[in-house]
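Novice: Structure incoming, see below.
The values are calculated or read from the model by the stated rules, or taken from the named source; none is laboratory data. Computed from a predicted structure; not experimentally measured. Note that we place each Cβ from the backbone using ideal geometry, even for glycine, and neighbour counts take in every protein chain shown. Surface areas here come from the heavy atoms of the whole protein model, side chains and all, with no ligands, DNA or RNA. Shrake-Rupley method; radii C 1.70, N 1.55, O 1.52, S 1.80 Å.
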Amino acid sequence: MQVTLKVPRIHCSGCVNTVTTAVGKLPGVTTVGASEVTKEVKVEFDPALVSEQKIRLQLVQVGYPAA
Ligand SMILES: [Cu+2]
(Lines give C-alpha, C1' and ligand atoms only; values in the text may rest on other atoms or scores of the structure.)
Protein backbone atom coordinates (compact mmCIF):
# COMPACT_ATOMS: atom_id res chain seq x y z
CA MET A 1 0.00 0.00 0.00
CA GLN A 2 1.21 3.50 -0.74
CA VAL A 3 0.31 6.89 0.69
CA THR A 4 1.51 10.38 -0.16
CA LEU A 5 1.41 12.89 2.67
CA LYS A 6 1.90 16.64 2.41
CA VAL A 7 4.31 17.82 5.10
CA PRO A 8 4.66 21.62 4.90
CA ARG A 9 7.51 21.88 7.44
CA ILE A 10 9.98 20.01 5.23
CA HIS A 11 12.22 22.78 3.96
CA CYS A 12 15.71 21.32 3.49
CA SER A 13 17.66 18.07 3.15
CA GLY A 14 18.07 17.92 6.94
CA CYS A 15 14.30 17.76 7.28
CA VAL A 16 14.18 15.10 4.57
CA ASN A 17 16.69 13.01 6.55
CA THR A 18 14.79 13.39 9.81
CA VAL A 19 11.48 12.41 8.23
CA THR A 20 12.93 9.57 6.18
CA THR A 21 14.71 8.06 9.20
CA ALA A 22 11.71 8.42 11.53
CA VAL A 23 9.19 6.88 9.15
CA GLY A 24 11.64 4.34 7.75
CA LYS A 25 12.22 2.73 11.13
CA LEU A 26 8.55 1.88 11.62
CA PRO A 27 8.03 -1.86 11.27
CA GLY A 28 6.15 -2.55 8.03
CA VAL A 29 7.40 0.52 6.17
CA THR A 30 9.27 -0.62 3.06
CA THR A 31 10.08 2.63 1.24
CA VAL A 32 10.11 6.31 2.16
CA GLY A 33 10.61 9.06 -0.40
CA ALA A 34 10.60 12.62 0.93
CA SER A 35 11.22 15.85 -0.97
CA GLU A 36 11.83 19.41 0.25
CA VAL A 37 10.73 20.65 -3.18
CA THR A 38 7.24 19.13 -3.23
CA LYS A 39 7.06 18.86 0.58
CA GLU A 40 5.62 15.42 0.08
CA VAL A 41 6.43 12.13 1.75
CA LYS A 42 5.63 8.98 -0.21
CA VAL A 43 5.47 5.89 1.93
CA GLU A 44 5.09 2.28 0.87
CA PHE A 45 4.00 0.01 3.66
CA ASP A 46 2.48 -3.32 4.58
CA PRO A 47 -1.02 -2.54 5.91
CA ALA A 48 -0.89 -5.71 8.02
CA LEU A 49 1.95 -4.22 10.08
CA VAL A 50 1.46 -0.44 10.06
CA SER A 51 -1.21 2.11 9.16
CA GLU A 52 -1.38 5.62 7.71
CA GLN A 53 -2.47 6.74 11.17
CA LYS A 54 0.70 5.34 12.76
CA ILE A 55 2.82 7.00 10.08
CA ARG A 56 1.09 10.31 10.75
CA LEU A 57 1.63 9.89 14.49
CA GLN A 58 5.33 9.23 13.94
CA LEU A 59 5.58 12.41 11.85
CA VAL A 60 3.93 14.41 14.65
CA GLN A 61 6.37 12.96 17.18
CA VAL A 62 9.39 14.19 15.24
CA GLY A 63 7.86 17.62 14.66
CA TYR A 64 6.69 17.23 11.07
CA PRO A 65 2.90 16.86 11.13
CA ALA A 66 1.26 16.00 7.83
CA ALA A 67 -1.32 18.44 6.49
CU1 LIG B 1 15.12 21.51 7.22
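Novice: Using square roots of five times the C-alpha gyration tensor eigenvalues, list the equivalent-ellipsoid semi-axes of the chain in whole Å, biggest first. All intermediate terms of the calculation are to be shown ahead of the outcome.
Specialist: On the way: eigenvalues 65, 24, 21 Å².
Values for the chain, descending: 18, 11, 10 Å.
Novice: If I fit a long axis through the Cα atoms of helix 13-24 and take the longest principal axis of the Cα atoms of the chain, what angle between them do I get, 0 to 90°, rounded to 10?
Specialist: 10 degrees
Novice: Hey, can you find the accessible area per residue of the chain for me, probe 1.4 Å, expressed in square angstrom?
Specialist: 58 Å²
Novice: Let me ask something else. With charges only on Cβ, +1 for K and R and -1 for D and E, what is the dipole size of the chain about its Cα centre, in debye, rounded to 20?
Specialist: For this selection, approximately 180 debye.
Novice: For GLN61 and VAL37 in one chain, what is 0.36 nm times their gap in residues minus the Cα-Cα distance, to one decimal in nm?
Specialist: Residue separation times 0.36 nm, minus the Cα-Cα distance, leaves 6.4 nm.
Novice: Okay, moving on. Over segment 2-61, with every protein chain in place, what whole percent of the accessible area is carbon and sulfur at 1.4 Å, could you tell me?
Specialist: The nonpolar share, carbon plus sulfur, comes to 53 percent.
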